Each structure stands twice: as structure tokens, then as C-alpha cells.
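Structure first, then comments.
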Amino acid sequence: QVQLVESGGGLVQPGGSLRLSCVASGRSIFSHYAMAWYRQGPGKQRELVATIRVGGTTNYTNTVKDRFTISRDNAKNTVYLRMNSLKPEDTAVYYCNVWHTNYWGQGTQVTVSS
């Protein structure tokens, strides 16, 4: 089994920044799989936000390009999501996922509001 634990969410004003972290434990698969961040806003479906492959190649949904940065530290089994210039529409529960698997974290709430 793999456990994923997210942290770093909170309340931030529009234009602010947050960094989310996701630590993986359990089976030693972190360094062999792409990782992803998803989010689910109020009344919305869960959407893919960003992905990072083992080699470091990244992809982002259009709405967060140039504002969010996904990164990973394979030595620490950790994936990060740096979020800058946050907007109210970024409000959501953010989930970490071992991409293309059913391994999910419990989610961390991000609220962007003045």
C-alpha cells in the first residue's frame, strides 16, 4: 500500500501564495511513477491541475499555467505544488495522486478570499 499525506493548505488573500506538499510512504514506488495534483472546487468535478514525470517533465492545466509550479524530491518521496497569484476561483480541495493509479491523499483545503 501507498499512503499520501498532503499539507500546506489554508486561507490566503487574492494574489497571495501557498506551497502544498505531499509525502508518500509505504511501497517504494514514488521514484518510479509520475505524480499529479488534482483539485475539486465547490460544486465542481475533480480536475487535473498538474503532473510531473519521473524525469521532471511537467504539464499544467491552462488555468494555472505561469502561476503554479509542480516539483518533486525523489529522495524525500515528496511532491510540491507552488501556487502564486492565487485567485478566488482557485479555491478547492487539492489532492495528491500517484498518476494513473488509485492512490490518493486525503486532500488539503485551499481558500482564496479577502
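The values are calculated or read from the model by the stated rules, or taken from the named source; none is laboratory data. Values in this document were obtained by computation on a predicted structure and should not be read as measured data. Cβ placement follows ideal geometry from the backbone for every residue including glycine, while neighbour counts extend to all protein chains displayed. Accessible surface is based on the protein model in full, side chains and every heavy atom, while ligands, DNA and RNA are left aside. Shrake-Rupley method; radii C 1.70, N 1.55, O 1.52, S 1.80 Å.
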Can you give the FRET efficiency to the nearest 0.05 for Arg46 and Ala75, using r as the Cβ-Cβ distance and R₀ = 25 Å? 0.30
Heavy atoms only, probe 1.4 angstrom, no DNA, RNA or ligands counted: give me Lys87, Lys76 ranked by accessible area, highest first. Lys76, Lys87
Pull up the cross-link candidates among the aspartates and glutamates for Lys44, meaning alpha carbon to alpha carbon under 15 Å and not fewer than 8 places away within one chain. Glu89, Asp90
Could you give the length gained on full extension between Thr63 and Gln13, defined as 0.36 nm per residue of separation minus the Cα-Cα distance, in nm? 16.2 nm
Leaving ligands, DNA and RNA out of it, work out the accessible area of Ser113 with a 1.4 Å probe and give it in Å² to the nearest 10. 60 Å²
Dividing the mean separation of Cα pairs under 8 Å (6+ apart) by the residue count of the chain yields a relative contact order in percent of 37 percent
Accessible area (Å², 1.4 Å probe, nearest 10) - Tyr80: 40 Å²
Averaged per residue, what accessible surface does segment 6-114 expose to a 1.4 Å probe, in Å²? 52 Å²
